[in-house]
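Novice: Can you keep this structure in mind? I'll have questions shortly.
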Amino acid sequence: MGTLFFSSASNALLAAVAVATLTPPPPASLIPLNPTPARYVIQPGPARGKDTFYGTAYYLNGQPNHDELWFGGWGDMYFPYLDFNLTGSPHQYETIEARLEFFSPATGTNDPGLQLWRVLGPWKERTLTYYNHPPAAFVANLPPVMPGWNSFDVTRLYQFWKANPSEQFG
């Protein structure tokens, strides 16, 4: 599984990873000049991963069953964790693009300054809290969140997860 979380400085989001691949996958000795991209979508949920969040002022004990994932705040922060089950997903060499996409129904008056982090240890949806969470490595600062669908390139991160299954915590 590939695991990541967002960090920010109260908005809600829903997320998915969309992976564009070469279809059909080319033989090892032949790479087509004009590959036909296909779309493979992975969403966290009971069968395809997990998601939760915790905050620094509210929801310190996590929210594994919340309908939304929160980010942003006014001096407090929220940390949404997403875990995508990558079993059966396209191989890293077949992947030409992977995007993290989420829907934000609204945004606040200030940019929460989202960051993308790769989780470095195992975690459980029901026990992840402000007081109990694994270490993480910074990946990128993300552009400002806009109302509606937001999309971020996570191709290198996806390819890393596929190439390094032992680094896929979830």
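The values are calculated or read from the model by the stated rules, or taken from the named source; none is laboratory data. Remember, it's a predicted structure, so these values are computed and weren't measured experimentally. Cβ coordinates were reconstructed from backbone atoms using ideal geometry, including for glycine residues, and neighbour counts include every protein chain displayed. Keep in mind that these areas ignore ligands, DNA and RNA; they rest on the heavy atoms of the full protein, side chains included. Shrake-Rupley method; radii C 1.70, N 1.55, O 1.52, S 1.80 Å.
Novice: Condition test on residue 109, is it modelled with pLDDT under 85, of a type in the set (Val, Ile, Thr) and closer than 17 Å to residue 43 by Cα?
Specialist: No; evaluated as a whole, the condition is false for this residue.
Novice: Oh, and also: Looking at 21, 95, 36, which is the one that is in contact with a strand residue (DSSP E or B) (Cβ under 7 Å, 6 or more places away or on another chain), modelled with pLDDT under 75 and under 20 Å from residue 160 (Cβ atoms)?
Specialist: Only one candidate passes the filter, namely 21.
Novice: Going through 134, 122, 144 one at a time, which residue ends up being surrounded by fewer than 18 Cβ atoms within 10 Å (Cβ to Cβ) and in contact with a strand residue (DSSP E or B) (Cβ under 8 Å, 6 or more places away or on another chain)?
Specialist: After applying the criteria, what remains is 134.
Novice: Return the pair list, or none, for Cβ contacts closer than 7 Å from residues in the stretch 64-90 that are farther than 23 Å from residue 161 by Cα to residues that are of a type in the set (Ser, Thr, Tyr) and part of a strand (DSSP E or B), at least 6 apart or on different chains.
Specialist: These pairs meet every condition: 64/52; 70/78; 71/78; 72/78; 77/7.
Novice: Mind checking which pairs have a first residue in the stretch 104-123 that is closer than 15 Å to residue 53 by Cα and a second that is modelled with pLDDT of 80 or more and not in a strand (DSSP E or B), Cβ under 6 Å, 6 or more apart or different chains?
Specialist: Listed by first residue and then by second, the contacts come to 114/142; 116/142; 119/134; 123/134.
Novice: I would also like to ask the following. Six or more apart or on different chains, Cβ under 6 Å: which pairs go from a residue in the stretch 142-166 that's more than 12 Å from residue 95 (Cβ to Cβ) to one that's among the aliphatic types (A, V, I, L, M)? Could you list them?
Specialist: 142/114; 142/116; 147/106; 152/100; 152/142
Novice: Let me ask something else. Mind checking which residues of the stretch 42-65 are at pLDDT below 80 and either open to solvent by less than 80 Å² (accessible area, probe 1.4 Å) or at positive phi (or both)?
Specialist: Initially, the stretch 42-65 is screened for residues at pLDDT below 80, giving 42-49, 65.
Scanning the stretch 42-65 gives 42, 44, 45, 48, 49.
Novice: Does the stretch 151-161 contain at least one residue that is among the hydroxyl-bearing types (Ser, Thr, Tyr) and loosely packed, with under 15 Cβ neighbours inside 10 Å?
Specialist: yes
Novice: Taking the condition hydroxyl-bearing (Ser, Thr, Tyr), under 14 Å from the mean Cα position of the chain (by Cα) and closer than 26 Å to residue 38 by Cα, does residue 95 pass?
Specialist: No: the conditions fail for residue 95.
Novice: Go through the stretch 71-95 residue by residue and tally those that are open to solvent by 50 Å² or more (accessible area, probe 1.4 Å) and touching a Phe, Trp or Tyr at 6+ places or on another chain (Cβ under 7 Å).
Specialist: Count: 0.
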